[in-house]
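Report on the following structure.
The values are calculated or read from the model by the stated rules, or taken from the named source; none is laboratory data. What you see is a predicted model, and the numbers here were worked out from it, not measured in a lab. Note that each Cβ is placed from the backbone with ideal geometry, even for glycine, and that neighbours are counted across all protein chains shown. To get the accessible areas, we keep the full protein, side chains included, count just its heavy atoms, and leave off ligands, DNA and RNA. Shrake-Rupley method; radii C 1.70, N 1.55, O 1.52, S 1.80 Å.
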Amino acid sequence: MGALDVTELLDRWGTGDRDALEALIPLVYEELRAVARRRLRSERPGHTLSPTDLVHEAYGRLVEAEVPWQDRVHFFAVAAGTMRRVLVDHARSRTRNKRGGAALRVTLTESVPLEAGDPEAMLALHRALEKLEAKDSRKARVLELHFFAGLSYAETALALDISEATVDRDLRFARAWLQRELS
């Protein structure tokens, strides 16, 4: 099954066909895990979420979302944004727990925490991305699709209907802006 099959299943799912959702899961699961692995690679060692945990949490949110799916690239772009929000929510929870907030919640799929990550850095990155989005939403979206979703320049350009040269320019600007903002 290829990209057209995924797009067809997304269309059917969007019209309420639950069988399409069941057929979609095996087609996208491994690629979602690859996106999650890439995303978690940039986190500190010992992060308490595994790629599987991240995929399951993000997929649960995607299933509940009312999204007019366009195609395979759009699905993975939305999935990457959802994964980023899962990580931000996780970081917020960790900082709240660190300050004596809520008790530790453990689910059956949660991996055993080896060492606390750096939730403060994740929250700082999230705040910086929100600022960039307010300043220039396209540049923030390019950054999210390329780095968080792992989309290539061509896939990012296709998803946003811009040229690859624009993707390159936007990424260079966004990197420099983030570096300045986070330093």
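Among the residues of the stretch 156-183, write down those that are in a helix (DSSP H, G or I), open to solvent by 40 Å² or more (accessible area, probe 1.4 Å), without any contact (Cβ under 8 Å) to a residue 24 or more places away in the chain and more than 14 Å from LEU129 (Cα to Cα).
Hits for the stretch 156-183 are LEU160, GLU164, ALA165, ASP168, ARG169, ARG172.
I'd like the full set of residues that are open to solvent by less than 50 Å² (accessible area, probe 1.4 Å) and either touching a Lys or Arg at 6+ places or on another chain (Cβ under 7 Å) or assigned to a helix (DSSP H, G or I) (or both), limited to the stretch 52-71.
THR52, ASP53, LEU54, VAL55, ALA58, TYR59, GLY60, LEU62, VAL63 - these are the residues of the stretch 52-71 that are open to solvent by less than 50 Å² (accessible area, probe 1.4 Å) and either touching a Lys or Arg at 6+ places or on another chain (Cβ under 7 Å) or assigned to a helix (DSSP H, G or I) (or both).
Restricting to the stretch 85-128, count the residues that are out of contact with any Leu (no Cβ under 6 Å at 6 or more places or on another chain), modelled with pLDDT of 80 or more and more than 25 Å from THR52 (Cα to Cα).
The total comes to 1.
Return only the number of the condition from (1) outside any helix (DSSP H, G or I); (2) open to solvent by 60 Å² or more (accessible area, probe 1.4 Å) that LEU49 does not satisfy.
So LEU49 meets the others, but not (2).
Among the residues of the stretch 129-147 satisfying the criterion of being touching a Ser or Thr at 6+ places or on another chain (Cβ under 9 Å) and surrounded by 18 or more Cβ atoms within 10 Å (Cβ to Cβ), which is modelled with the lowest pLDDT?
Checked the stretch 129-147; the qualifying residue modelled with the lowest pLDDT is PHE147.
How many residues does the stretch 11-31 contain that are in contact (Cβ under 8 Å) with a residue 40 or more places away in the chain, under 21 Å from the mean Cα position of the chain (by Cα) and open to solvent by 40 Å² or more (accessible area, probe 1.4 Å)?
Result for the stretch 11-31: 2.
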